[in-house]
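Here, each number is a calculation from the coordinates, and none is a lab measurement. Predicted, not measured: the structure shown is a model, and the values here were computed from it. For neighbour counting, all protein chains shown are included, and Cβ atoms are generated from backbone atoms with ideal geometry for every residue, glycine included.
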Amino acid sequence: MAGANARSESFAHMWRRRALTVPLYHLLWLVVVGLLPLVVPVALAVDVVRRDRWILIRCVAFFTLYLSCEVIGIWISVWIWLVHRLRGDSAAEFVRRNFVLQQWWANALFRGGQRIFDLHLEVEGADCTTPGPYLFFIRHASMADTVLPVVIIGRRHQILLRYVIKAELLWDPCLDIGGHRLPNSFVWRDSDDTAAEVEKVAALADGLGAQDGVLIYPEGTRFTPEKRQRALERLARGGPSPLRARAEALRHMLPPRLGGPLALLERAPGMDVVFCGHVGMDGITSFNELRNGRIIGRRIRVCFWRVPGSDIPRDRAAQAEWLFDQWARLDAWVGRQPGPP
């Protein structure tokens, strides 16, 4: 069920974290909901004075939505566990129920945020995301693009994407609990054992079925100009390389880190790869950044394309060149969108 989650973190450490985050989120939810009769009139008054498109009241609404989804998700996960233990359902049924919970949680957050901030979603090429199995390489630009694939692919086509996701997000209790029940891999970016982290990623490609896929963010982190410069410096320290010039040509994205993607390609030779690009959520990396109001009324554009496994080279060096070719195509697509990041 969750074999891909084997990691250096101990069972005791995981439950110590949950003993902190679960009560904390409940407390925050109680405080926020209890203060709404006071906070809402104040937020409305501030927005009227500032005349800034109701930014503050929108932020209050979204923060309340987020905490509510967390608390509801935690209690549904408890109910799923109790039903599983009492009825003795199969491991596959347990995963299916948690997949349904993941879909509800992601869709509630995204669709709720879409209405609150008046967002417009445009999708092209989504039909290529079914059937599986496939590897799914997606641009990383915002905290919101973690739920976007579940909303578009998981809910629409019932594809269970196995996530490669940074371990820092385990401080979100729903991602922690639900994420460990599904076949995901939480990677520790500061780990001293890089080979073990890459092996955890590669293991996600084992046993994929027609309704499965593996999602990875080849950039490894969200784009900023500073991160781009650090990535180029890291490539420069590696000595002369034909990929360095390719990396420097990218304008809107970070050069892909090769460890995880190439490990997946090696583990699943001949498997199709789906690429996903998106614009409109750039720069939204925290709740604090929602307050500037730049997200209001944005048009979120998402594109997909699929490369057959037979068109992907088998040689590792050629695969790296091929991945940079696809990344250049994605970078060019981002640059062509109105108001590029």
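Things to note:
- Extreme residue, positive dipole direction of the chain, given options ILE284, VAL39, LEU243 (C-beta unit charges): VAL39
- Size of charge dipole - segment 178-302 - debye, nearest 20, with Cβ of Lys, Arg +1 and Asp, Glu -1, no other charges: 740
- Positive-end residue, the chain charge dipole about Cα centroid, Cβ charges, pick of TRP54, LEU258, ALA317: TRP54
- Cβ-based charge dipole, the chain, positive-most Cα from TRP29, TYR134, GLY179: TRP29
- Net charge of neighbours whose Cβ lies under 14 Å from the Cβ of GLU226, counting Lys and Arg as +1 and Asp and Glu as -1: +3
- Identified option (computed Rg and Dmax of the Cα atoms in Å; candidates (i) 23.1, 67; (ii) 21.2, 67; (iii) 20.7, 63): (iii)
- Summary of packing: across the peptides 245-256, 70-81, the per-residue average of other C-beta atoms within 10 Å ranks them, highest first, as 245-256, 70-81.
- Karplus-derived HN-Hα couplings along segment 163-175 (A = 6.51, B = -1.76, C = 1.60, θ = phi - 60°), whole Hz, x at Gly and Pro: 8, 9, 9, 5, 5, 4, 6, 5, 6, 8, x, 5, 5
- Karplus 3J(HN,Hα) series, Hz, for segment 55-70 with 6.51 cos²θ - 1.76 cosθ + 1.60 (x for Gly, Pro): 5, 5, 5, 5, 5, 4, 5, 6, 5, 5, 4, 4, 5, 5, 4, 5
- Segments 261-272, 38-49 sorted - mean Cβ within 10 Å per residue, highest first: 261-272, 38-49
- About its Cα centre, the chain has a charge dipole of approximately 680 debye under the convention of +1 per Lys or Arg Cβ and -1 per Asp or Glu Cβ, with nothing else charged.
- Here's how it looks for ILE300: its modeled amide H is under 5 Å from those of HIS120, LEU121, GLU122, which are all 5 or more places away or on a different chain.
- Rounded to the nearest 5, the antiparallel percentage of DSSP beta bridges internal to the chain is 25%.
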